[in-house]
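Below you'll find the structure, written out as C-alpha cells, and then a few comments.
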Amino acid sequence: MAAADSRGITAVSAPQAKYWAFRLGTAVVPLLPAAWLNPLAAALGSAGFVLGGRARRNALDNITPVVGSADATATARRMFVHSVRCSLTMFERRPATTGLGGHRLNGWHYFHEALAGGHGCVLVSPHLGDINYMAELFVADGLPVNVLVEELRPPALARLAARQRARRGVQVIVAGTGALKEIAQALARNEIVALLSDRLVGNQPDYPVRFFGRQVRLPGTAFTLAARYHSPVVFGTAVRRPNGTIETDVRAPFVPDRQTAAYVQEMARVFEQFILRDPGCWLAFQPILGPVADAAAERASACPHTVEPASTAHVAARAREDRTPVGRPAHRRGSVVRG
C-alpha cells in the first residue's frame with residue numbers, strides 16, 4: 001500500500017515494488033533475444049549484490065561456512081546473479097515443446113519408481129538451481145508437479161506469479177489455510193508435491209540439526225506428511241549449466257516412519273552434498289546459517305518437546321540394513337537410502 005512521506009511524496013511499499021517489477025518482467029523479457037538474458041542477469045545480479053543490504057549480509061553469512069571466507073564474496077555475488085537468472089526464466093520465451101534429451105538426468109527414473117505405488121511423491125529440495133526448468137522436465141515426462149510456495153503480497157502479485165508458473169507446468173499450492181488439504185489431494189491423485197526445505201517458513205514444526213557445522217533448525221513437514229499418506233520421499237535438485245542443459249541429482253525413494261527428527265538430519269546431510277556441488281546456485285538470502293539462525297537454534301534447543309525420540313544413528317543403521325539396490329523401487333517404510 002502506498003504511503004505519503006513527510007515531504008508529501010508518495011512512497012511505494014516493497015510488495016508494490018515487487019508487483020510492478022513482476023509486471024515489467026512479463027511485458028519486457030519475452031521481447032528480448034535469448035542471448036541477452038545471461039548478460040542481463042549478470043548486470044542486475046551484480047547490482048543487487050552491491051545494493052542488497054540485508055540480503056547480501058544473509059547470503060554471506062550462509063555461504064561462508066560452505067566455501068570459506070576467502071571465496072564467500074565471489075560466491076555470494078554468483079548467488080545474486082543466479083537468482084536474477086531464475087527470475088528471468090519465469091518470463092522468457094520457451095520452445096513450444098521441451099524434451100528430456102540432451103540433459104544429464106541423474107536418478108530421474110526414481111520419480112517413476114516413487115509414483116508406482118500410487119500414493120504420490122514428496123520431492124524435498126533446497127532452494128538450489130531452477131525449479132522452473134525442472135518443472136519443464138516433469139511436463140515433458142508427463143509427471144504432474146505441485147510446488148508449495150510462500151504467500152506473496154499483494155494478492156495481485158501472488159496471482160500473477162501463479163499464472164507464470166502454471167505456464168511452465170507448475171501448479172502452485174500457497175502455504176497457509178487449505179494448503180494441507182491441497183497437498184493431500186495432489187498425493188491422492190498420484191502427483192509430485194515439491195517442498196523446499198532448507199529454511200523455516202511460517203509455523204512449520206522444526207527440528208535441530210547440524211548443517212554445515214552449525215546448529216540450526218529445519219522443517220520436518222515433508223516427512224510428517226509423507227508418513228501420514230504413505231507417500232515416498234525423494235531428495236532431488238536440478239541445476240542449469242552454462243550451456244543451457246539441466247543436470248539433476250535425484251536420490252532413491254523411501255517411505256518415512258514417524259522418526260521425523262532423524263530424517264530431518266539426513267535431509268541436512270544430503271542438502272550439504274547438493275549445495276557443495278553448486279554453491280553459487282543456492283538461493284539463500286534469509287537467515288539459515290548466520291548468527292541470527294544460530295541464536296534461534298540455541299534458544300529453541302531449550303524446548304526438547306519439539307524433538308521426537310529418534311537419532312540419526314538409529315535411522316542410518318536402518319538404512320544399512322534396508323538399503324535398496326540401484327534400479328529397484330525403495331518403498332520400505334522407515335528406510336533412509338544414502339546416496
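Laboratory data are not the source of any read-out in this text; all were calculated from the coordinates shown. Bear in mind the structure is a predicted one, so any value in this text is a computation, not a measurement. A quick note on method: Cβ atoms are made from the backbone with ideal geometry, for glycine too, and the neighbour counts reach across all protein chains shown.
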Between Asn38 and Arg228, take the C-beta separation as r, use R0 = 51 Å, and let me know the FRET efficiency to the nearest 0.05. 0.75
Rounded if a/c is under 1.5, else prolate if a/b beats b/c, else oblate: with a ≥ b ≥ c from the C-alpha gyration tensor eigenvalues square-rooted, which is the stretch 238-279? oblate
Length gain on complete extension for the stretch Arg258 to Gln273, per 0.36 nm per residue less the alpha carbon to alpha carbon distance? 2.9 nm
Distance from the Cα centre of the stretch 158-177 to that of the stretch 28-76, in angstrom? 25 Å
Global form of the stretch 194-289, assessed from the alpha-carbon gyration tensor, a/c cut-off 1.5: oblate
HN-Hα couplings for the stretch 254-259 via Karplus (6.51, -1.76, 1.60; θ = phi - 60°), in whole Hz with x for Gly/Pro, come out as 8, 9, x, 9, 8, 7
Among 16-24, 41-49, 77-85, how do they line up from the highest to the lowest mean number of other beta-carbon atoms within 10 Å? 77-85, 41-49, 16-24
Give me D for the stretch 151-247 in µm² s⁻¹, whole number, from Stokes-Einstein with Rh from the Kirkwood sum over alpha-carbon pairs, 10 °C and 1.306 mPa s. 101 µm²/s
Report Rg/Rh for the stretch 114-200, rounded to two decimals, where Rg is the Cα radius of gyration and Rh the Kirkwood radius. 0.95
Hey, what's the Kirkwood Rh for the stretch 191-249 if you take every pair of different alpha carbons, in angstrom? 13.7 Å
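Can you check how the C-alpha radius of gyration of the stretch 102-160 compares to 2.2 N^0.38 Å, as a plain ratio?
1.35
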Spin-label point model (7 Å from Cα, Cβ direction): what's the Leu180 to Val50 distance in nm? 4.8 nm
Output wanted: per-residue J couplings in Hz (rounded whole) for the stretch 237-243, from phi through Karplus 6.51 cos²θ - 1.76 cosθ + 1.60, θ = phi - 60°, x for Gly and Pro. 8, 9, 10, 8, 8, x, 7
With a ≥ b ≥ c from the Cα gyration tensor eigenvalues, square-rooted, and the rule rounded for a/c under 1.5, otherwise prolate when a/b > b/c and oblate otherwise, the stretch 63-128 is oblate
For the stretch 21-170, the Kirkwood Rh over every pair of distinct alpha carbons, in Å, works out to 17.5 Å
Which peptide among 99-106, 110-117, 27-34 comes first, and what is the full order, when sorted by highest mean count of other Cβ atoms within 10 Å? 110-117, 99-106, 27-34
